[in-house]
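The values are calculated or read from the model by the stated rules, or taken from the named source; none is laboratory data. Nothing here was measured: the structure is a model prediction, and the numbers come from that model. Methodologically, a virtual Cβ is constructed for each residue, glycine included, from the backbone with ideal geometry; neighbour enumeration extends over all protein chains shown. For the accessible areas, the whole protein counts, side chains as well, though only heavy atoms, and no ligand, DNA or RNA atoms are used. Shrake-Rupley method; radii C 1.70, N 1.55, O 1.52, S 1.80 Å.
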Amino acid sequence: MGELTDKIKGTVNEAIGNAKEAIGKHTDNADLTAEGQAQQVEGKGEKVKGSVKGALGDDI
């Protein structure tokens, strides 16, 4: 995947994770809250991966 694809995928995962976390907190669902937090971390990682690809090139 390219730099832009990774960054977009990361942004989407962060947004979905944020929504899951908010819904989980609102409904007192600890599992959904934790799932949302984990998805946000995954999204941040994908965005970093995209930034590294941008700095070093898509061939890595």
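Descriptive notes on the structure:
- Of residues in segment 8-60 being among the hydroxyl-bearing types (Ser, Thr, Tyr) and at pLDDT 95 or above, the one least open to solvent (accessible area, probe 1.4 Å): 33
- Every pair of residues 6+ apart whose Cβ atoms lie under 8 Å, when the first sits in segment 23-39 and is outside any helix (DSSP H, G or I) while the second is surrounded by 13 or more Cβ atoms within 10 Å (Cβ to Cβ): 29/23
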